[in-house]
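The block underneath contains the structure these notes are about, expressed in structure tokens.
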Amino acid sequence: MGRTGRFTVLCLMLTLLAAVRAYPVGEQSSADLQVEVPRQEKLLALTFDDGPHPEHTAVLLDGLRDRGAKATFFLVGCQVELAPELVERMAAEGHQIGVHTLDHVQVNGLSRKDFDGQVEGLRRVLYGLIGERDLWLRPPYGIMDDNTLRWADSPVMLWSVDPEDWKDGNVKRIVDHITGQVRDGDVILLHDIYPTSVEAALQVVDKLGEEGWRFVTVEQLLQYKGRTGEVGQVYRAVR
Ligand code: NI
């Protein structure tokens, strides 16, 4: 996404709303359980940033459900306010949820207070919807500094395959970009605020699914590779 634009105005208003909400504390996440998982191959993690989008994310969730695929969603606060029911649905259907800041801001250079407002602030909103659990961070634009890692209080998840789906909305180009280069353990960056990206993602699941690839959350990807996500560590692919 471009660094300025449509997030800004709406997000500023919603930040204020988020700050005054109450946050019930739910149950511990299953992510805290250390389970022996047999190593597997031909695994990929689809990740979607900047949502949820009230229409396009719903279509995506239908498509993932029909295909038995899991994904990871790095959410933005103002979009959550537009479609909180989709966040609950993501959790209910076994997808992983992470934070992409309240207002889609660059986190490098922020004060501790502003960083916590953007990251912990969104976590508290999400705890109110889906209960307290681990919510990994993906910094907008993948831009971060040492303080980001120090303050994240979670693993930091970047990506290894970026078709730049926001650029031209060309479904075939996006699908070809992804299917032409995936390796076991790749993490694919997409944005579910575009219908073309949703269509491309589902085509990728169909096409690679026929070749034996499976789509899991980033947390599952680490587990299947015999690893766990460490607080303050950056992950791109998981080999
Ligand atoms: Ni983003």
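Computed from label points 7 Å out along Cα-Cβ, the spacing between Val234 and Lys167 is 2.2 nm.
By the rule of a C-alpha distance below 22 Å, with chain neighbours fewer than 8 residues away ignored, the lysines paired with Lys225 are Lys42, Lys70. Any chance you could check the Cα centroid distance between segment 123-138 and segment 172-201 for me, in angstrom? With segment 123-138 and segment 172-201 each reduced to a Cα centre, they are spaced 26 Å.
Quote the relative contact order of segment 31-125 in percent (integer), defining contacts as alpha-carbon pairs under 8 Å separated by 6+ residues.
On the way: 108 pairs, mean separation 24.7, N = 95.
Computed value for segment 31-125: 26 percent relative contact order.
Once the chain from Thr179 to Arg67 is taken as fully extended at 0.36 nm per residue, the excess over their C-alpha distance is 38.6 nm.
Which trypsin sites (Lys or Arg not before Pro) from segment 146-207 combine a DSSP loop assignment with at most 10 other Cβ atoms within 10 Å? Mind dumping the intermediate values first?
Numbers: sites: Arg150, Lys167, Lys172, Arg173, Arg183, Lys207; in loops: Lys167, Arg183.
Within segment 146-207, the qualifying trypsin sites (Lys or Arg not before Pro) (loop, at most 10 other Cβ atoms within 10 Å) are Lys167.
Summing Lys and Arg as +1 and Asp and Glu as -1 over all other residues whose Cβ lies under 11 Å from the Cβ of Arg183 gives a net charge of -1.
Each label was represented as a point 7 Å from its Cα along the Cα-to-Cβ direction; for Glu55 and Asp114 these points are 3.5 nm apart.
FYI, it's all coordinate maths here, none of it is from the lab. For clarity, every value in this text was computed on a predicted model and none was experimentally measured. In this analysis, Cβ positions are derived from the backbone assuming ideal geometry, glycine residues included, and neighbour counts consider all displayed protein chains.
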